[in-house]
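Following: one structure in structure tokens, then a few remarks.
The values are calculated or read from the model by the stated rules, or taken from the named source; none is laboratory data. Note that the structure is predicted; figures quoted are calculated from it, not measured. Cβ coordinates were reconstructed from backbone atoms using ideal geometry, including for glycine residues, and neighbour counts include every protein chain displayed. Heads up: the accessible areas ignore ligands, DNA and RNA and are worked out on the full protein's heavy atoms, side chains in. Shrake-Rupley method; radii C 1.70, N 1.55, O 1.52, S 1.80 Å.
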Amino acid sequence: MTLLHDCLIGLPSCDADARDAITARAAEILRPSGALAWLDETAAWIGGWHGTDRPVIERPAGVIFAADHGVAQADVSAYPSDVTASMLQAYSKGQATINAFARAAGADLVAVDVGVGHPTGDIRTESAMSPERFDSVVQIAIDTIDALDCDLLILGEMGIGNTTVAAAIAASLAGGETASWVGRGTGVDDAGLARKRKAVQQTQRRIVGITDPIEILREVGGAELAALAAATMAARNRSIPVVLDGYITAASVLPLVMVEPTAIDHCIVGHCSAEPGHRKLLERLGKRPLLDLDMRLGEGSGAMAAVPLIRMACAGITEVPTFGEFFA
């Protein structure tokens, strides 16, 4: 039993009364019934987890977890592994795309090193993390979320090679043809794509017989993926709604859902990325993305781009009168 297993026990539920009150109000708002149905559902989702029928986003915060991967030595990425460290420095200096997006969205942003310069094991031939390292990463993520004062959490990641790792998790847990889970990531050529597929196939053969989804995350996931899963559950235990980013974050939470089907009820998906496996994975998770812009950057950018839309959804409920209020 790992620390992440413990995080899945005794999960709080949303405030159904607050959620239902927002849904009822949405039906009476000064606009055609159902005209903004999906946005109204989003506002109800926020209100349910905030425990209020007057939902508002005032303190959004983004967290990026960064780490290196042993499987990157198989040339599965278009970029060298040292790019991860460079990007972590860019986040710290406020110079990356996600920093600009966070400023535009009015969100705080923190980048957390969970393994830059300390790559995981090469998942083709060995476990990604020992049980001790896995629990250590999970604890770092929990502590990070517990230290935040936020009412909406945006999750992202950085790690050269992590689309290979995400594909390995998806293929191992969701099944189907391996090739369908493996995309070009940040832009590998045909030879690189073939190497990625081979790496995932080798990984799958190595872990045959392992059935615990959390154990599969430890065996084939990167440190930042384990951190994403743990951060998601830390937010759930504080009833903080979460916006998930792309393929990597979706793969990170898949093991949680396979252990506890309601584990990500507090999560919404910011966007569907250009990575082909992401759309398939969202269907498996039963999640519909708010945006679909063919983005493939990672680092929480697609999730952060959805924050203004979520704010608008709440404003459309709280700042617009009902027909009864308007004509009173």
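Descriptive notes on the structure:
- Label-point gap, in nm, between TYR79 and LEU11 - each point 7 angstrom along Cα→Cβ: 3.2
- Close amide-amide hydrogen proximity is noted between ALA111 and ILE64, each under 5 Å apart and 5 or more residues distant or on a separate chain (H modeled in the peptide plane; Pro and chain starts excluded).
- A Förster radius of 25 Å, combined with the Cβ-Cβ distance separating PHE327 from ARG54, puts the computed FRET efficiency at roughly 0.75.
- Residue-level accessible surface for ILE57, protein heavy atoms, 1.4 Å, Å²: 10
- In the complete set of protein chains, residue-level accessible area for GLU215 is approximately 50 Å², probe 1.4 angstrom.
- Sequence-distant residues sharing a close amide H with LEU291 (under 5 Å, placed H): HIS271, CYS272
- Between 0 and 90°, nearest 10: helix 276-285 axis offset from the chain longest Cα axis: 60
- Distant-in-sequence amide H partners of LEU297 (H built 1.01 Å from N, under 5 Å): none
- From phi via Karplus (6.51, -1.76, 1.60), per-residue ³J(HN,Hα) for segment 21-30 in Hz, x at Gly/Pro: 5, 5, 4, 5, 5, 4, 6, 10, 5, 6
- 3J(HN,Hα) couplings calculated from phi for segment 149-164 with the Karplus curve 6.51 cos²θ - 1.76 cosθ + 1.60 (θ = phi - 60°) are, in sequence order, 10, 9, 10, 7, 10, 10, 10, x, 8, 8, x, 4, x, 7, 6, 5 Hz; Gly and Pro show x.
- Of every Cα-Cα pair in segment 189-286, the percent that sits beyond 24 Å: 24
- Theoretical FRET efficiency, 1/(1+(r/R0)^6), r = Cβ-Cβ of ALA315 and GLN202, R0 35 Å, to 0.05: 0.10
- Tilt relative to the chain, helix 82-93 - C-alpha long axis, 0 to 90 degrees, to 10: 30
- In order through segment 128-140: 3J(HN,Hα) via Karplus (6.51 cos²θ - 1.76 cosθ + 1.60), integer Hz, x for Gly, Pro: 5, 9, 6, x, 5, 5, 4, 5, 5, 5, 4, 5, 4
- Acute angle (nearest 10 degrees) that the helix 37-50 long axis makes with the longest principal axis of the chain, alpha-carbon atoms: 80
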